[in-house]
Every structure is written in structure tokens, then in C-alpha cells.
1. Hey, how many Å between the Cα centroid of segment B:361-433 and the Cα centroid of segment A:262-331?
2. What shape does segment B:166-305 have by the C-alpha gyration tensor, where a ≥ b ≥ c are the square roots of the eigenvalues, rounded means a/c under 1.5, and otherwise prolate means a/b greater than b/c and oblate the rest?
3. Quick one: label points 7 angstrom along Cα→Cβ at A:R58, distances to the other copies in nm, smallest first?
4. Take every Cα pair under 8 Å in segment A:371-468 that's 6+ residues apart, average their separations, divide by the length, and report that relative contact order as a whole percent.
5. For chain B, what is the relative contact order in percent, using Cα pairs closer than 8 Å and at least 6 residues apart in sequence?
6. Which angle from 0 to 90°, rounded to the nearest 10, does the C-alpha axis of helix A:97-110 make with the longest principal axis of chain A?
7. Taking 8 Å as the Cα distance limit and 6 or more residues as the minimum spacing, I'd like the relative contact order of segment A:172-221 as a percentage.
8. List every residue whose amide H lies under 5 Å from the amide H of B:A232, counting only residues 5 or more places away in sequence or on a different chain, with H placed 1.01 Å from N in the peptide plane.
2 protein chains.
Amino acid sequence: MTARKIGVTELVLRDAHQSLMATRMAMEDMVDACEDIDKAGFWSVECWGGATFDACIRFLNEDPWKRLRTFRELMPNSRLQMLLRGQNLLGYRHYEDMVVDKFVEKSAENGMDVYRVFDALNDPRNMARAMAAVKSVGKHAQGTICYTVSPVHTVDGYIKLAGQLIDMGAESIALKDMAALLQPQPAYDIVKGIKDTYGDIQINVHCHSTTGVTLVSLMKAIEAGADVVDTAISSMSLGPGHNPTESLVAMLEGTEYTTDLDMERLLRIRDHFAGVRPKYKEFESATLVDTDIFSSQIPGGMLSNMESQLKAQGAGDRIREVMEEVPRVKADAGYPPLVTPSSQIVGTQAVFNVLMGRYKVMTGEFADLMLGYYGECLAPRNEEVVELAKAQTKKEAITVRPADLLTPEWDELVTTASKLEGFDGSEEDVLTNAMFPGVAPKFFQQRAEGPKSVAKTPEQVAAENAQAAGPAKGITGPVKYNVTIAGRSHSVAVEPA
Amino acid sequence: MTARKIGVTELVLRDAHQSLMATRMAMEDMVDACEDIDKAGFWSVECWGGATFDACIRFLNEDPWKRLRTFRELMPNSRLQMLLRGQNLLGYRHYEDMVVDKFVEKSAENGMDVYRVFDALNDPRNMARAMAAVKSVGKHAQGTICYTVSPVHTVDGYIKLAGQLIDMGAESIALKDMAALLQPQPAYDIVKGIKDTYGDIQINVHCHSTTGVTLVSLMKAIEAGADVVDTAISSMSLGPGHNPTESLVAMLEGTEYTTDLDMERLLRIRDHFAGVRPKYKEFESATLVDTDIFSSQIPGGMLSNMESQLKAQGAGDRIREVMEEVPRVKADAGYPPLVTPSSQIVGTQAVFNVLMGRYKVMTGEFADLMLGYYGECLAPRNEEVVELAKAQTKKEAITVRPADLLTPEWDELVTTASKLEGFDGSEEDVLTNAMFPGVAPKFFQQRAEGPKSVAKTPEQVAAENAQAAGPAKGITGPVKYNVTIAGRSHSVAVEPA
């Protein structure tokens with residue numbers, strides 16, 4: 001029997017450093033690994049997305065479009081893959097359809113192949129236009145299921161959602177587990193259910209490793225028929241990141257599945273990033289494994305956000321109350337998956353509820369969520385809270401696709417961008433400013449200065465530690481100095497009093 | 001359908017800190033967790049073994065027998081479990097049978113319940129007496145298969161070994177994977193094979209997590225019928241340690257298996273050790289995940305040993321040659337599993353072969369291994385090398401059980417111990433000195449001074465870092481001192497030239 005080949009999407013160039021080091025990795029730390037990545041035999045190479053785009057212009061003075069073109073040039077044999085937030089593109093609001101079309105067209109031109117299109121609420125209407133745009137430029141449109149756990153989320157529901165994505169033209173389905181909540185049994189059941197229901201549609205499974213259990217989930221997903229799974233090279237794996245690529249290879253040895261990856265190249269990729277990772281240590285979280293989310297249902301990042309909001313209000317001791325409030329707020333909103341931006345919206349409202357009384361003050365974003373401006377959730381929203389949202393915002397609830405309310409905006413986006421210092425006249429720049437209007441103008445201004453890595457060499461780190469460890473406060477042992485007082489030089493031994 | 005209950009052996013008190021922090025954890029850092037460990041619902045609590053015994057008297061000035069009695073007192077509801085190196089007991093040589101009997105009798109008296117009996121070469125003759133002794137004091141005798149990978153180690157061979165252990169009276173079989181080499185498919189095949197062949201004998205599976213793949217192996221072992229698996233609480237897990245207990249619980253949720261562990265207690269145990277672990281940071285290895293062993297067949301600890309031996313000889317650049325020599329030496333010796341002490345014996349000989357010519361100089365231990373003084377390996381030894389060993393040592397090869405050559409030694413061990421300063425007259429002390437004659441005398445002398453933890457508080461660590469970061473070399477900014485020269489006091493500002 002020939003072993004069934006399991007495709008692998010390597011995450012090191014996007015989600016791995018996004019999850020482990022706050023998306024700070026500079027292009028110069030990736031370039032030397034690209035040939036091995038290109039030739040190792042991956043199904044695709046994930047290398048672009050909202051956070052990496054944002055970090056490029058916010059922290060690294062890198063043009064993200066140029067980064068994409070460099071990847072394209074350095075990895076001519078690979079499918080380049082990106083994460084696309086549906087109608088939000090890489091930004092935080094809904095864009096009018098023509099902007100969606102433009103973004104897909106330009107990213108495809110610059111080298112993108114596979115678009116993993118998702119929506120935080122799993123509302124298919126928010127993914128439809130992006131999927132159609134991807135198909136119209138002849139690229140791979142992957143429809144995404146964001147996995148979460150709630151009283152209304154069921155295996156059957158996920159299977160149904162997969163059907164909607166297939167009807168929309170999805171060439172493959174991604175099961176995306178951003179919080180490492182996907183346990184082995186549901187992983188098996190969902191993949192099996194989709195295959196049994198819709199025939200041999202390609203299924204990609206993406207899990208984080210935070211809870212320590214998801215490599216087993218990948219195994220069960222593969223047993224159920226999954227075609228491609230996502231991993232990160234071992235030196236950039238685990239913790240809030242992903243399962244190690246080499247462990248996946250080892251896991252399948254001797255089974256009826258194989259990855260056919262080139263182990264020699266994997267080891268070189270590993271060694272390369274083993275040298276890179278320490279340079280970004282200051283951005284790393286200390287989390288090694290954390291299973292709390294199974295009981296709290298609150299992703300780690302959301303928890304730390306709420307904690308800092310509380311501390312800023314001098315109410316750091318009320319985190320327990322907020323954690324108990326979150327499930328209620330989530331239920332009132334119709335059980336949105338807790339992922340960017342819904343996790344922030346629900347979390348902040350839970351903090352407000354505890355500090356100021358339940359729904360006494362609503363954030364604009366939470367009101368919009370309650371009124372349908374982010375799309376539909378799986379369960380109905382709490383009508384009382386909807387009425388409060390209407391009253392506080394003087395806005396009406398909507399049931400249409402949010403982007404249907406938008407009027408064409410491309411020409412205006414061009415006009416806005418063209419007034420900016422440093423704008424290069426390209427449609428890429430128009431899109432950059434459209435998606436990150438708070439960051440792009442400054443980036444355009446200083447772009448000519450070139451990339452500014454925030455990585456630190458071991459020597460820099462040692463020097464900073466020495467600095468932080470307390471010099472300038474004084475000395476701890478006897479030291480000899482030559483000291484000149486009143487014109488006369490003295491050899492002096494000094495020690496603490 | 002009722003889910004099948006999977007037993008769990010919690011490793012935090014023995015193998016977890018042995019693997020993660022060089023066995024340095026002091027009893028005072030364990031005591032407060034014992035009640036929760038006792039009541040969490042574990043099948044057994046591993047808490048004693050050769051390395052913990054050694055570390056107690058070598059580094060911590062703790063009496064290991066007293067530690068055992070304390071565990072017994074603090075965990076009255078638990079099966080206490082230990083790792084017993086067969087005829088070697090906790091030491092590094094073969095002991096005469098009566099000493100084996102005495103050790104088992106005294107450890108049972110002091111509170112031990114489950115004895116995991118193993119031999120580095122998987123030679124059943126080296127396990128027989130210890131197993132019989134355990135049975136004769138009415139305790140649980142667990143026969144152990146050390147898992148390794150070689151051209152002569154097969155699933156069928158492991159199944160056959162299990163049969164020998166069962167014939168010897170094993171109440172359960174442990175499949176012990178000390179190098180994280182056990183991949184999911186062989187885990188399944190071996191467990192399934194043992195169950196199919198011998199009926200419902202209890203099977204315990206012990207895996208390290210170094211290669212990142214073994215939680216999947218535990219899953220497959222469970223699917224094949226394994227009854228008990230070993231894990232460590234998450235705050236003391238991963239890297240060269242073990243899979244996290246809470247991840248195992250999560251892994252089985254929704255499946256046809258369950259652990260029935262008390263999650264509240266697990267979280268308290270986790271929080272306790274999350275506070276302890278940083279205090280031993282200086283002993284931790286940096287390894288997060290390492291799959292090299294699948295290709296090199298050389299455990300990480302063995303590799304670093306060989307590297308330091310080479311460096312000591314100014315030949316640090318010859319590690320590649322040594323790594324290529326190891327498989328040959330291993331084959332010549334009949335493919336011993338590479339675990340203490342065989343890993344050191346084979347590794348050192350490989351270093352000698354590279355530096356001085358193949359088998360030009362043989363270590364005494366390697367010659368003994370070639371001549372049968374450690375027992376039998378699975379494959380025949382290389383006859384040419386056996387002849388060289390005879391010639392160099394003037395010893396004959398043996399085929400009997402090594403301990404059969406020993407004469408009764410208990411009385412002499414008593415006499416030797418009773419001459420030591422600080423000997424307390426107990427048979428426990430006789431055994432301590434018998435197993436660690438190089439360490440026990442000094443320990444007896446200073447035992448009265450009580451435990452000396454090597455843990456460091458965050459404050460101590462910070463102070464040391466500040467010290468190491470360079471003060472006493474001088475200052476980096478202007479500092480004011482009162483300086484007295486020739487009897488007159490001056491207020492002086494000092495800054496680097």
C-alpha cells in the first residue's frame with residue numbers, strides 16, 4: 001500500500017513569529033531560509049497577513065508589498081499563502097466591494113497564490129466577495145471555519161458552514177483553531193463529517209499549540225481525511241505558536257500517511273531560525289502550555305488585554321468578575337467566536353459591565369456588534385441588549401450584509417493617498433493607506449530610510465542587561481581610580497561605605 | 001457507553017524534575033503539593049528512583065529514606081511508585097541477591113508500593129531477582145521494556161520480552177521510552193501485540209516529550225489498549241521532560257476514554273510548581289523540541305557527554321566522526337538500548353575509537369559490556385571485538401547471569417557502613433552506602449545539618465545577575481563618594497575617563 005501524502009503548510013514566515021514574537025521578525029532574518037523552504041516540499045508557505053502587514057509599516061519600516069515580491073522571487077516553486085480577513089481585508093473595518101477586488105488583484109499580481117479567507121463571526125456573507133475576487137484572478141480560494149466552543153456551536157453546524165463555503169466556490173476548506181481549543185474527537189468528527197457530506201473537498205487544518213493537545217488533533221484530523229495540516233519549523237514552534245514540522249513528520253512515519261518532506265532541508269531551516277529566535281526574545285511570551293481555556297473559554301491574549309484594562313482603571317483585583325461576565329456578554333451577542341476583533345469587543349464590554357454596571361455604558365464597537373454591523377452570529381442576539389444599543393447609539397439594527405451599506409470608495413481612497421508625502425503613486429500604496437490610515441502616512445514619509453529591524457544581537461542584549469542591572473548606582477567591590485582633586489592626582493581605592 | 005478509564009502516573013515528584021532540572025528539587029518545594037497530588041485521582045505517584053536518591057545525598061543533604069517516609073505520610077491514599085534498576089538497584093554495579101532482597105524489603109517498609117523494574121540491556125535475568133523480591137513483600141512488580149530503535153529491535157521482539165516479564169510474575173508491563181523515540185505506530189503495534197498475545201495484562205506507557213510527538217504516541221497506545229500512561233503537571237512538563245497532565249485530560253475529552261482526574265486539584269498542583277520551577281532555572285536545559293534523535297539514534301544527553309569528552313581532549317571538531325562511530329560500536333556490542341549506563345559506555349568508547357584508533361584502547365566498562373558482565377543484548381556481539389576485550393583485560397567472557405558470580409556481601413556491607421562517622425545503625429544506611437559509596441560517607445557526616453536546598457529565589461537570581469553583569473569592574477556614570485585620603489574626607493564625583 002502506498003502511504004497517503006499529507007500536505008504541509010509551513011507557518012514560520014507568518015503565524016509562527018506573529019504568535020511567538022509579536023510579528024516582529026524582519027525580512028532580513030527570513031531571506032536566507034527561503035531557498036530551503038521553497039524546496040522542502042511544502043504544500044504551501046504562509047507568509048503574509050494582517051498582522052505582518054501592520055508590523056512591517058508600524059515597527060520595521062518595510063514595505064509589505066516589497067516583502068511579498070521578495071518572497072515570490074526567492075520561492076518560485078512554492079504556493080505562497082496569506083490570511084485574508086474577508087470584507088475587512090487586512091484592516092479593521094468593512095471595505096466596499098471594489099476595494100476588495102483591487103486588493104485581491106494587486107496581491108495576486110505581486111505573487112500571492114492561496115487566499116485563506118475568514119470572518120471572525122463565521123458569517124459567509126463577509127467572505128463571499130473576497131472568495132469571488134480570488135477565483136476571478138485564477139487563484140486558490142480557501143473558505144475558513146473559525147473553530148470555537150459554545151452552547152450553540154456543534155459539529156453539524158460546522159459541517160453546514162463548510163457546505164456554504166463550498167457553494168460559494170471554495171476550492172478548499174480550512175478548519176482554523178486560533179485558540180488551540182480543537183480537541184482530537186471534534187477534529188475527527190468535523191473533518192469526517194465534511195468529507196462524508198460533500199465528497200472529496202480538500203481540507204486544511206490549522207491549530208495553535210497553546211494547550212499542548214493539538215498535534216493529536218492533527219493526527220485524528222488526518223485519520224478522518226484531512227489533506228493538509230499547518231505546522232511551524234521546530235525552532236519556531238510550541239507555546240502560543242504551532243506544532244513542530246519535524247514532529248509531524250516523525251508522527252506519521254510508519255503509518256499509512258506520509259509528508260514526503262525533505263528532512264535535510266527542514267534541519268537547515270530549523271538551524272537558521274534557531275539562530276534568529278533569540279534576537280527577538282524581548283517579544284516572547286512565557287507561556288509554555290496553558291489548558292485554562294478549556295474551562296474559561298477565554299483566549300490567553302484576550303485575558304491579558306482585559307487585565308491591563310482593569311489595571312489602568314485601578315481595578316486589577318476584579319478580573320474574576322470580568323471572567324464571569326465574559327460568557328454572559330458572549331451569549332448576549334449570539335455567541336461570536338472570540339478572535340480578532342470580536343475578542344476585543346466582547347472583552348472590553350465585559351470590563352465596562354463590571355466597572356460601570358451591566359450595559360450602562362456600551363462601546364461603539366459592541367453596539368455595532370449588537371446591531372449587526374459586523375454580520376450575523378450563530379445564535380440570536382439578546383433583544384433587550386439590542387434595544388439598549390439602539391437607544392445609546394441612535395442607530396438601527398441591520399440584517400443586510402454590512403458591506404451592502406457602503407458606497408464606492410476607491411476614487412476617494414486614491415485621492416486621500418495621493419496627498420500623502422512619500423506616496424509612490426501605486427495602487428498598492430492606496431491599499432496600504434486604506435487599510436492602515438493611522439500608520440501608513442508616517443511610513444510613506446520615512447520609507448526611503450529602509451528597513452529598521454528591532455532584532456537584537458546577543459551582544460546588544462548583554463549590554464542592555466548590564467545597563468539594567470544597576471550600574472550608575474555605584475560599585476559593589478573595591479575599585480582603584482586615579483582621581484584629581486585641586487590639581488593633584490591621587491591613586492584611590494573606593495568601596496561602598 | 002461508559003468511557004474506559006485511563007490511569008495516570010504523575011511524574012512531577014521524580015522524573016519531571018530529574019529531566020528538567022537535573023534532579024535538584026528539594027523536598028520543601030514538594031510538600032505543599034502533596035495533598036492535592038494524593039487526592040487528584042492518579043493511578044500512582046512516581047516519587048523515588050536512582051537519580052533522586054543520589055541527588056538527595058550528593059547535593060541536598062536530605063535523607064532519601066526520610067523523603068520516602070514523608071511522601072508516605074503526606075499521600076496516604078496513593079500508590080507510591082519508584083524506578084528500580086534491576087540487579088543494580090539504584091547504583092551502578094550488580095549487587096548480590098540478598099542485597100536486592102534487603103533493598104526491596106526496606107523500601108516497602110518505608111512506604112513504596114509499585115516497583116518499575118528495568119534493565120538497561122533488557123536482559124530479563126537482571127530483573128528477575130528484584131521482581132521476585134517485590135512479589136514476596138506483596139507489592140506491585142512492574143516489568144519494563146526499554147524502547148529503542150535498531151536493526152534488531154522489532155515489535156515482535158518487544159512482545160516476546162513482555163511474555164518473559166509476565167512469566168517472571170510481572171503484575172503489569174511498562175513500555176519505557178526514555179529518549180522520546182516511540183512513534184505513534186510502533187506504540188500502537190506493541191501495546192496491541194502484547195494485549196492480543198497475553199490477554200488483559202495491565203500496560204503502562206512512559207514517554208518523554210523531547211521530540212514533540214509522544215502525546216500522539218500515548219493516544220495511539222490508549223487506542224491499542226494501554227491502561228496507564230505517565231505525564232507531568234503542565235508547569236513541570238515538555239522539553240526533555242514529559243507530556244502535560246492537563247493536556248492528556250483534554251486530549252481524551254469527548255472520546256471513549258477518560259482520566260477522571262480532579263481538574264481543580266490539577267490546577268492547584270500546576271500553580272504550586274509554576275512557582276517552584278523558576279527557582280531552579282540554572283539547572284534547566286534550553287531544549288524545547290529536538291527530533292534529531294530519529295536520524296542520529298543518539299540521545300541528547302549522550303551527545304553532550306561525548307562533546308565535553310572531545311573538548312577536554314582538544315578535539316571538539318571531531319564530533320561528526322564520533323557520531324558516525326557510535327552506530328558501529330553499538331552494533332559491535334549487540335545493539336544495547338542507549339540508556340544509563342550503556343549510553344555512557346558506548347559513547348565513551350566511540351570517542352576513544354576516534355581519538356586513538358578503533359578499539360586500540362578499550363575502557364574497562366566497554367570490555368565488560370563485550371564480555372557479558374552487564375548481561376546479554378539482543379544481537380550477538382562482534383567476536384573480533386570480544387577477543388580484543390579478552391586480550392586487553394585478561395578476563396573471560398561469561399554467559400551466566402552476572403550476579404551469579406557474586407558471593408554474599410551483606411555482612412561486609414554492614415561492617416563497612418558501621419565504621420562511618422554519622423552512620424545511624426539502620427539497614428537503610430547500610431543500603432545507602434552500598435549504592436553510593438563515594439557519596440554516602442560525607443552525607444552521613446553532615447546529615448545532622450539538615451536539608452540544604454539549591455533553589456534560588458527571584459531576589460537571589462537578580463542579585464547574582466547584577467553581580468555577573470560587571471560591577472566591581474567600575475562605574476558607567478557619575479557617582480558621588482566620600483573618599484578619605486591622608487586623613488581628610490572629600491566629597492568626590494567619579495566618572496569613567
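1. Taking the Cα centre of segment A:262-331 as reference, the centre of segment B:361-433 is 53 Å away.
2. On the way: a/c = 2.00, a/b = 1.23, b/c = 1.62.
Oblate shape, in that a/c is at least 1.5 and b/c is the bigger or equal ratio.
3. 5.0
4. On the way: 52 pairs, mean separation 18.6, N = 98.
Reported as a whole number, the value is 19 percent.
5. Details: 898 pairs, mean separation 83.9, N = 497.
Value for chain B: 17 percent.
6. 60
7. Details: 71 pairs, mean separation 28.4, N = 50.
So the answer I get is 57 percent.
8. B:L11, B:N243, B:T245
Computed from the coordinates by the stated procedures, all read-outs in this text should not be read as laboratory data. These figures come from a predicted structure and were not determined experimentally. Ideal geometry is used to build each Cβ from the backbone, glycine not excepted, and the neighbour counts take in all protein chains shown.
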